[in-house]
Amino acid sequence: ACSILFARHERLLRFVLKRYLADDQWIDEVVQDTFLRAFLALHQFRGESKLSTWLSRIAISQALTFLRRRRNARWLSIDDHR
């Protein structure tokens, strides 16, 4: 069931996430996070909207969280650490 859900919706989620994330590796990470969150919260899906809409909303939320974390991360160069 998981692989079917992934196969049906992965392309849509990648399309949605391209509006928020520039790097394909970031998109890969957020797509995985999205499906993980969706599987953990599947019991909360009420069917009031399409499953694709629900997944897209989760993906957007995950992308914004990802960007917020990257913005707040402190980067140190290896060369600066002496």
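Are there any pairs with C-beta distances below 9 angstrom linking a residue in region 29-47 that is farther than 19 Å from L64 by Cα to a residue that is exposed (fewer than 15 other Cβ atoms within 10 Å of the Cβ) and of a type outside the set (D, E, K, R), with the two at least 6 apart or on different chains, and if so which?
F39/C2; F45/L51
For (1) among the acidic types (D, E); (2) on the phi > 0 side of the Ramachandran plot, each residue gets a yes or a no:
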| position | (1), (2) |
| --- | --- |
| D23 | yes, no |
| L36 | no, no |
| F39 | no, no |
| G47 | no, yes |
| W54 | no, no |
| A73 | no, no |
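Could you please tell me which pairs satisfy a Cβ distance under 7 Å, a separation of 6+ or placement on different chains, a first residue in region 1-12 that is within 11 Å of F35 (Cβ to Cβ), and a second residue that is open to solvent by less than 90 Å² (accessible area, probe 1.4 Å) and among the hydrophobic types (A, V, I, L, M, F, W, C)?
Listed pairs, sorted by first residue: C2/F39; F6/F35; H9/L55; E10/V31.
The values are calculated or read from the model by the stated rules, or taken from the named source; none is laboratory data. Fair warning: this is a prediction, and the values are worked out from it, not measured in the lab. Backbone-built Cβ (ideal geometry, glycine too); neighbour counts: all protein chains shown. For accessibility, only protein heavy atoms count, side chains too; no ligands or nucleic acids. Shrake-Rupley method; radii C 1.70, N 1.55, O 1.52, S 1.80 Å.
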